[in-house]
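Input: a single structure, listed below in structure tokens.
The values are calculated or read from the model by the stated rules, or taken from the named source; none is laboratory data. Model, not experiment: these values are computed from the prediction. FYI the Cβ positions are ideal-geometry reconstructions off the backbone, even for glycines, and counts take in every protein chain you see.
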Amino acid sequence: MKDRTAIVGIGQTAFGKGLADSELSLACQAISAAIDDASLTPGEVDGLSMFSMEEGREVEVARNVGLGDITYFSEVGYGGGAGCGVVGHAAMAVATGQCNVAVAWRARKRASKTSRPWSQVPGRIAGHWQWSRPFGVVRPVDEIAMLTRRYMHEFGATRDHLANVAIASRKHANRNPLATMYDKKLSREQYMEGRWISEPLCLFDNCLETDGALAVVITSAERARDLAQPPAFIHAFAQSIPQQHQVMTNYFCDDPLIGPAYACASRLWERSDIKPADVPVAQLYDAFSPLIPLSLEGYGFCERGEGAAFTENGALEWPNGRLPTNTSGGGMSEAYVHGFNLVLEGVRQCRGTSTSQVEGAENCLVTSGEGVPTSALLLRA
Amino acid sequence: METGLLLPDLDDEVAAPFWEACSRSELVVQMCAACGKSRMPPRPMCPHCRSVVATWAPTSGTGTIWSYVVPHPPLLPAYAELAPYNAIVVALDEDPTIRFVGNLVTSANGAINEIDPATIRIGEKVRVVFTTIDDVTLPRWVRAG
């Protein structure tokens with residue numbers, strides 16, 4: 001499927017807390033904006049690809065936005081692992097002729113029942129959560145903090161390294177007027193004084209809680225060349241559930257610090273003409289700051305155990321860092337919409353329209369949830 | 001006595017023998033009846049030989065702390081009351097790839113927030129103890145060093 005499809009439209013709602021509109025309404029608004037951006041009409045959309053966790057279902061979206069006959073629809077599970085997955089599924093459907101124009105999206109409200117499953121867990125726990133939740137490892141932050149502590153122990157990573165991640169994201173958000181944290185600076189001192197959430201992770205190691213929706217439109221490379229926006233070609237796509245993986249509480253395999261990124265990356269680079277050394281900018285899934293060093297290792301920007309050191313000397317910061325990362329502010333400082341905003345920022349880097357545009361960027365890596373079954377895209381201009 | 005914690009569903013058909021063993025103060029691990037390999041967490045099929053026949057083997061009940069966290073609020077009310085508390089992952093002595101999530105306490109009925117988290121170290125030796133909450137017996141860990 002290399003370069004056979006492209007993202008030709010992007011759309012989003014405002015980001016906020018306590019937005020009045022329903023998740024279905026937000027989804028429809030983002031999709032509508034993306035269709036307009038692509039200079040297409042709703043009747044031309046015949047494919048839908050969404051997160052399993054979406055509140056608004058395909059049927060509702062189609063009859064609200066006034067889409068045409070839908071001939072392909074699919075869902076990808078595992079929350080934040082699905083972002084690149086839904087785009088990749090849409091691209092595969094277009095590439096194989098199952099549909100011609102597909103939309104993929106994520107709409108989320110922080111207070112909704114499906115958004116924070118840990119806060120509505122039933123009194124008795126079955127399945128794999130019974131091996132962690134009874135002991136107070138209850139929230140995603142507790143689950144990732146456990147891996148983080150081990151990572152720090154094995155490889156000498158420090159809170160200063162995690163601060164590098166949080167500060168880089170915040171600097172990028174301070175350049176993006178649409179980012180939640182646009183007018184809030186973050187200093188290293190503020191980071192170090194941030195209250196604990198789950199030691200060794202503090203407030204600033206966590207992503208935001210955001211209401212909002214984002215959508216993309218995918219069509220064939222041929223069609224893309226006739227449309228209004230410069231195409232962001234889908235050069236490579238991969239997903240992974242690594243061997244013996246357990247969702248979030250991946251403490252039970254031989255080496256829990258070899259996360260889903262490794263298996264996803266090996267397939268992604270195998271399918272790609274572009275290699276890590278040729279990637280000038282990345283959008284790496286950042287529900288928690290330690291996922292960035294883990295992803296830098298997994299996706300081959302450095303060796304195992306070197307991800308924390310990679311973040312030193314402003315390496316993640318625009319414009320002079322070795323690999324400007326999460327250039328819109330990402331999940332930690334722009335918005336946390338299950339990582340789908342990272343996909344749109346990847347498109348903007350390929351179009352040349354980011355508020356922290358990497359000059360001459362010809363491609364951008366976008367990744368989805370680390371610690372869960374995941375996915376990644378390599379987009380190119 | 002802690003109340004309102006998220007307790008396991010004792011009717012879970014795969015895991016029930018584990019929790020039953022805890023109620024007898026035994027820490028057991030699921031073992032494939034065909035190839036003899038241990039697996040944790042328990043599941044219906046052996047990923048090594050695909051047998052669906054399993055037994056439960058006793059363990060040493062000793063291990064080392066592989067990692068730990070100290071959760072702070074916001075948390076579900078029962079956990080918020082205890083916070084900050086510790087949660088640990090223990091690697092079993094006889095097979096360090098067999099791991100259990102638990103809590104470090106000073107005695108079987110000790111609270112999960114009684115140990116100063118600043119004193120906890122990865123690599124510390126621990127031994128299993130059992131504490132009963134409602135109808136569930138949970139494995140917890142005390143220092144064995």
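Observations
- When B:Val14, B:Val101, B:Val70 are checked against the criterion of being buried (at least 22 other Cβ atoms within 10 Å of the Cβ), out of contact with any Leu (no Cβ under 8 Å at 6 or more places or on another chain) and within 22 Å of A:Gly123 (Cβ to Cβ), a single residue qualifies: B:Val101.
- Subset of the range A:276-292 (residues that are in a loop (DSSP other than H, G, I, E, B) and closer than 30 Å to A:Gly9 by Cβ): A:Val279, A:Pro280, A:Val281, A:Leu284, A:Tyr285, A:Asp286, A:Ala287
- B:Asp134 being farther than 20 Å from A:Glu154 by Cβ, at pLDDT below 95 and among the charged types (D, E, K, R): yes
- Among the residues of the range B:61-108, those identified as outside any strand (DSSP E or B), more than 8 Å from chain A (Cβ to nearest Cβ) and more than 16 Å from A:Pro140 (Cα to Cα) are B:Gly61, B:Pro77, B:Ala78, B:Glu81, B:Ala83, B:Asp93, B:Glu94, B:Val105, B:Thr106, B:Ser107, B:Ala108.
- Of all the listed residues (A:Ala166, A:Ala179, A:Ala221, A:Ala236), the sole one being in contact with a helix residue (DSSP H, G or I) (Cβ under 8 Å, 6 or more places away or on another chain) and over 30 Å from A:Ala14 (Cβ atoms) is A:Ala236.
- Conditions (1) out of contact with any Ser or Thr (no Cβ under 7 Å at 6 or more places or on another chain); (2) within 14 Å of chain B (Cβ to nearest Cβ): number failed by A:Leu186: (2)
- Restricting attention to the range B:110-127, the residues being under 13 Å from A:Phe135 (Cβ atoms) and touching a Gly at 6+ places or on another chain (Cβ under 9 Å) number 1.
- Exactly one residue out of B:Pro41, B:Pro47 is facing chain A (nearest Cβ under 8 Å), over 20 Å from B:Arg140 (Cα atoms) and part of a loop (DSSP other than H, G, I, E, B): that is B:Pro47.
- In the range A:15-40, residue nearest to the chain's Cα centre (by Cα) [restricted to those that are farther than 20 Å from A:Pro230 by Cβ and in a loop (DSSP other than H, G, I, E, B)]: A:Phe15
Table: residues versus (1) of a type in the set (Val, Ile, Thr); (2) under 30 Å from A:Gly194 (Cα atoms); (3) at pLDDT below 95; (4) in contact with a Pro (Cβ under 7 Å, 6 or more places away or on another chain).
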{"site": "B:Pro44", "(1), (2), (3), (4)": "no, no, no, no"}
{"site": "B:Thr59", "(1), (2), (3), (4)": "yes, no, no, no"}
{"site": "B:Arg121", "(1), (2), (3), (4)": "no, yes, no, no"}
{"site": "B:Val129", "(1), (2), (3), (4)": "yes, no, no, no"}
{"site": "B:Val142", "(1), (2), (3), (4)": "yes, no, no, no"}
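- Selection count, the range A:296-334, where residues are outside any loop (DSSP other than H, G, I, E, B) and either more than 21 Å from the chain's Cα centre (by Cα) or on the phi < 0 side of the Ramachandran plot (or both): 15
Okay, residues lined up against (1) more than 7 Å from chain B (Cβ to nearest Cβ); (2) at pLDDT below 95; (3) touching a Cys at 6+ places or on another chain (Cβ under 8 Å):
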site	(1), (2), (3)
A:Ser115	yes, yes, no
A:Ile125	no, yes, no
A:Ser132	no, no, no
A:Gly136	no, no, no
A:Glu143	yes, no, no
A:Met146	no, no, no
